[in-house]
Amino acid sequence: MVVEWENLIDSSDMSPEGWAAMAKAVEDNYDDYDGFVILHGTDTMSYTSSALSFMFSNLAKSVIITGAAIPFFEPHSDARRNIVVSVLLAGSYNIPEVSLFSGTRLMRGTRCVKRITKSSGASDIHLPQIQTSAAGSFASPKFPDLATIDSCVQLSNILRLPPTGPFRADKRMEGSLLVLRMVPGFANLKSMALSDVKGVVLVLYGSGNAPSNQPHFTDWLIKVREQDIPVIGVSQILRGAINLGSYLGGVHLFSLGVISARDMTVEAAVAKLSYLLGKGYDRDKVAVEFGRSLRGEISQAGDADADGLQYLKLDL
């Protein structure tokens, strides 16, 4: 079955309301189908794959998100192959989580980032630090691919076992988030209003560094903490991880209540914060949950989720 929205949008207009609509479509048809494929624009596809990963609890079926870097009408478009392979994967393999397929790679929804921009009339723009031999616009720089597809399908040697509880789609996502990327000489934040802000994501230097001797930044973080607004620190580095004890700036952030996202992607950190705030959690509860891997978004010993989901190790 094909479900098409009456009013299609550019993926740059994606919002929590759009995520909720997609979650509801899967929820409404969950019992009738063995797998699901969602077609999506590539600009925000990794945000959507992260968001749906958190929104779906006890997911026992494959949900694959895919799109195209080159428009469908172009003769050299990657759309046809991405769609066909995604449908074959969703119908033939039970990989019970939200994933993203691009080129030859099936990636965990909470682990992927866009790495290449393509258009029909422009040269490819490559990020050299995550170059691979596999084609595709997305990469999973901090976690192995779930599968690679070339002349055959090669599954990862670690797959999640299906959960035992009933499937649930939690469609409440908080959209009033502020994301600040650290750059040298950023503007004075004292006058920034916080009346509508429910959560903040700081995209930090390296392993969690930020200015430690700029009073306006410190004062602003103190004001945010006094309003019980959770502040998440995530690394700008594609293969980076947050350790707030590494540098003076990180220690300063920790003393001001900044919560570490560890090795999460920016997309996953934003989606997880939106999900937790949508559940009505306060700052302390958010901090606890950011220390746990809910949907495989954080690396930890054995790559087992803190929510109790187990993994099946295969000798392939």
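Bear in mind these aren't lab numbers, they're just calculated from the coordinates by the rules spelled out. Model, not experiment: these values are computed from the prediction. Cβ: placed from backbone, ideal geometry, glycine included. Neighbour counts: every protein chain shown.
Rounded to the nearest 10 degrees, the inclination of helix 215-226 to the longest alpha-carbon principal axis of the chain is 70 degrees. With 10 Å bins beginning at zero, the pair-distance distribution over Cα atoms of region 1-67 amounts to 19, 60, 21, 0 %. Beta bridges per DSSP, both residues in region 138-288: antiparallel share near 25 percent. Using the alpha-carbon atoms, what tilt in degrees (0 to 90, nearest 10) does helix 266-278 show relative to the longest principal axis of the chain? On a 0 to 90 degree scale, this one is about 80. For region 1-126, the Cα gyration tensor yields ellipsoid semi-axes of 23, 16, 14 Å (square root of five times each eigenvalue, largest first, whole Å). For the cross-link pairs LYS142/LYS223; LYS223/LYS285; LYS24/LYS142, the ones whose C-alpha atoms lie over 28 Å apart are LYS142/LYS223; LYS24/LYS142. Here the simple spin-label model places points 7 Å from the Cα toward Cβ, and for GLU74 and ALA21 these points are separated by 2.6 nm.
Normalising the average separation of contacting C-alpha pairs (under 8 angstrom, six or more residues apart) by the number of residues puts the relative contact order of the chain at 17 percent.
Rounded to the nearest 0.05, the FRET efficiency derived from the C-beta distance between VAL87 and ASP150 at R0 = 25 Å is 0.90. A simple charge model with +1 on the Cβ of Lys and Arg, -1 on the Cβ of Asp and Glu and nothing else charged puts the dipole of the chain at about 780 debye relative to its Cα centre. As I understand it, the value is the acute angle between the Cα axis of helix 79-92 and the longest principal axis of the Cα atoms of the chain; what does it come to in degrees, rounded to 10? The angle comes out near 80 degrees. Taking 0.36 nm per residue of separation and subtracting the current Cα-Cα distance, fully stretching the chain between SER255 and ILE222 would add 10.9 nm. A crude spin-label estimate for the pair SER176 and GLU6, with each label 7 Å from Cα along the Cβ direction, gives 3.0 nm. Across HIS252, HIS76, HIS40, mean-square fluctuation computed from a Gaussian network of the chain (C-alpha pairs under 10 Å connected) peaks at HIS76.
Post the alpha-carbon centroid distance, region 184-255 to region 1-61, in whole angstrom. Here the answer is 31 Å between Cα centres.
The sum of -39500 (n - 2.57) across all DSSP H runs of n ≥ 4, divided by the residue count of the chain, sets its helix-only mean residue ellipticity at 222 nm to -8000 deg cm²/dmol. Restricting to the chain, compute how many DSSP beta bridges are antiparallel as a %, nearest 5. In the chain, DSSP labels about 50 percent of beta bridges as antiparallel. Residues considered: SER212, SER50, SER274. Largest GNM mean-square fluctuation over the chain, using C-alpha springs under 10 Å, is found at SER212. With Rh defined as the Kirkwood radius, the inverse of the mean 1/r over Cα pairs, the Rg/Rh of region 177-291 is 0.92. Looking at region 171-278, the trypsin sites (Lys or Arg not before Pro) that sit in a DSSP loop and have at most 12 other Cβ atoms within 10 Å of their own Cβ are LYS190, ARG239. Database remark: amide H of SER62 closer than 5 angstrom to the amide H of PHE36, ILE95 (H placed geometrically; neighbours at sequence offset of 5 or more, or on other chains; Pro and chain starts carry no H).
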